[in-house]
């Protein structure tokens, strides 16, 4: 018997009798027949009710609306170069804002199939509008390239989405370049309970957006896993939702990541959009857009800009195939064990007042059962509790407490000591101990590692053999040729030349090193405690081979501006050391200067001053305010 695709042959068969259907294919199962009748009933209702709605006039003006919110903190020198360009890019390509948290979920009883939606636009809209109801877990990697005039924005990201927890984890690495400058980001974000927690891996800080985002729907990743807004003009967010405000058509089928997709196309006067949707789950796996955008400049004169966006999921797994997903509590532990400082400002990135008492509260992610070292800072004293050497710390940045004028001075002697110490820390300790620039020999070690442990390194483990990355069962260490130190003990001792015994930075420095036993052979399994950035093995130092990420500029100190000394006692003082991060290494004006707030203690073991803790204060203008107070005494 000739094979018949019933779902295409009878897609509009609402006028056929059931007997006719069964006669044409006696083997049809009851289950398939029920699906077929459901499609017929839906089509009949559509024709009867004639529900083709009119497009809302308000969306005609969306083309000139800047969509998305910048969530990253750039170094000062990059702000004038790329702030405006990035916002224009995000607004013009309309591809960066995402809705996540107020979705009405369905049970997984929807049995829409690929054949159902082959030529049925309403069936496709229904499938995509309830995509998260078709899976429990999703893990995917994707890439987006956006071009807007001379601006190019490249995003590589990994996402994990748990529909039951309603949580999303994203690790994104992004580069933005144009004729006027270059910028980059390396961030991890976790969306849960209407809150967003962010880790900035380049600048070593974390924060929690200090207000409920349920009505904001702004997250710096694509919404491909839940693309309901593509088809819903009433959806309360701007972004991809605007793409289909005009007519569009289903043009065929294709395959992305081994998944059968329904392909749609939209042609407008401004450009062409092609999108690919997983025919089983409704997840958007690929889209491309090329066209123009007409925007008004600062003088109100309209200008035409070219815009192009290419998005594609490069790997995707659902449910059991997705494996373990990062949980809310694990993300909290990632922050705590990573030693990231808490970034607190008087106002958040959107101009709202921040309550310092509740800022960056991680309790909503769950209660951590790991023992950590914490630093509690008050206006009167510093209390530090310690735990085992193998336990990392929580590093938080307290709200800046401005000292009284009578407790500040331009103490030349202490200022000289403080400046020399932070310069040594930046140039020697951070550079040498972190081995920022090494002569790595061809000799390497290869060990096995538990995939669960490798996963904690977020895909940065690499192979020197073939250059592959994202290793899951092996790790490699390269021999350090002509190292600055002969062993780990010497490295740790060198750290004490700058840091006090209780310094958070010293504890974190010690955490990155480990000793490997001499009887460990290549290919053997190493433990979590042995997987460190620098190891000592049989009398030699080796560095873990991993993706270093995108770096950032070091502070530039200008001796023309005095160090401010505050709260001086016989055993401690606080120093405000001005600095700038300037691409051209040009002296900044006093109004532009940022400063490091560094706490020093007198170390009786070395009979000298050491750094106890330090915080970068990026708010320009505060240093000048403090200096003026000293001058006014």
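The values are calculated or read from the model by the stated rules, or taken from the named source; none is laboratory data. Here the structure is a predicted model, which is why all the values come from computation and not from measurement. Positions of Cβ are backbone-derived with ideal geometry, glycine not excepted, and every protein chain shown enters the neighbour counts.
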For the structure I just gave you, tell me whether residue 289 is touching a strand residue (DSSP E or B) at 6+ places or on another chain (Cβ under 7 Å), in the same structural domain as residue 168 (by TED's automatic domain parsing), at pLDDT below 90 and closer than 30 Å to residue 470 by Cβ.
yes
From the list 461, 531, 516, exactly one residue is on the phi < 0 side of the Ramachandran plot and out of contact with any helix residue (DSSP H, G or I) (no Cβ under 8 Å at 6 or more places or on another chain). Which is it?
516
Step by step: first the residues of the range 597-633, then only those that are in contact with a helix residue (DSSP H, G or I) (Cβ under 6 Å, 6 or more places away or on another chain) and farther than 13 Å from residue 575 by Cβ, then the one that is surrounded by the fewest Cβ atoms within 10 Å (Cβ to Cβ). Which residue is that?
633
Kindly check whether there is at least one residue in the range 507-529 that is modelled with pLDDT of 90 or more, under 30 Å from residue 159 (Cα atoms) and either in the same structural domain as residue 187 (by TED's automatic domain parsing) or within 27 Å of the chain's Cα centre (by Cα) (or both).
no
Filtered residue count, the range 142-156, keeping only those that are surrounded by fewer than 21 Cβ atoms within 10 Å (Cβ to Cβ) and either assigned to a strand (DSSP E or B) or modelled with pLDDT of 90 or more (or both):
6
Go through the range 167-183 and report how many residues are out of contact with any helix residue (DSSP H, G or I) (no Cβ under 7 Å at 6 or more places or on another chain) and within 17 Å of residue 198 (Cα to Cα).
6
What tally of residues in the range 465-489 results from selecting those that are exposed (fewer than 15 other Cβ atoms within 10 Å of the Cβ), assigned to a loop (DSSP other than H, G, I, E, B) and modelled with pLDDT under 85?
6
Subset tally (residues that are assigned to a helix (DSSP H, G or I) and touching a strand residue (DSSP E or B) at 6+ places or on another chain (Cβ under 7 Å)) for the range 499-513
5
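Residue-by-condition table, conditions (1) at pLDDT 90 or above; (2) in contact with a helix residue (DSSP H, G or I) (Cβ under 6 Å, 6 or more places away or on another chain); (3) over 22 Å from residue 259 (Cβ atoms); (4) outside the structural domain of residue 316 (by TED's automatic domain parsing):
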site: 98; (1), (2), (3), (4): no, no, no, no
site: 102; (1), (2), (3), (4): no, no, yes, no
site: 119; (1), (2), (3), (4): no, no, no, no
site: 134; (1), (2), (3), (4): yes, no, no, no
site: 137; (1), (2), (3), (4): yes, yes, no, no
site: 140; (1), (2), (3), (4): yes, no, no, no
site: 160; (1), (2), (3), (4): yes, no, no, no
Could you tell me whether residue 529 is touching a residue at least 24 places away in the same chain (Cβ under 8 Å) and part of a loop (DSSP other than H, G, I, E, B)?
yes
Subset of the range 245-259 [in a strand (DSSP E or B) and crowded, with 17+ Cβ neighbours inside 10 Å]:
250, 256, 259
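Every residue, every condition in (1) more than 29 Å from residue 208 (Cα to Cα); (2) assigned by TED's automatic domain parsing to the domain that holds residue 133; (3) within 30 Å of the chain's Cα centre (by Cα); (4) modelled with pLDDT of 90 or more, yes or no:
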position: 225; (1), (2), (3), (4): no, yes, yes, no
position: 250; (1), (2), (3), (4): yes, yes, no, yes
position: 258; (1), (2), (3), (4): yes, yes, yes, yes
position: 265; (1), (2), (3), (4): yes, yes, no, yes
position: 269; (1), (2), (3), (4): yes, yes, no, no
position: 274; (1), (2), (3), (4): yes, yes, yes, yes
position: 279; (1), (2), (3), (4): yes, yes, yes, yes
position: 293; (1), (2), (3), (4): yes, yes, yes, no
position: 309; (1), (2), (3), (4): yes, yes, yes, no
Would you pick out the residues in the range 340-379 that are at pLDDT below 70, touching a strand residue (DSSP E or B) at 6+ places or on another chain (Cβ under 9 Å) and farther than 19 Å from residue 620 by Cα?
372, 373, 374, 375, 376, 377
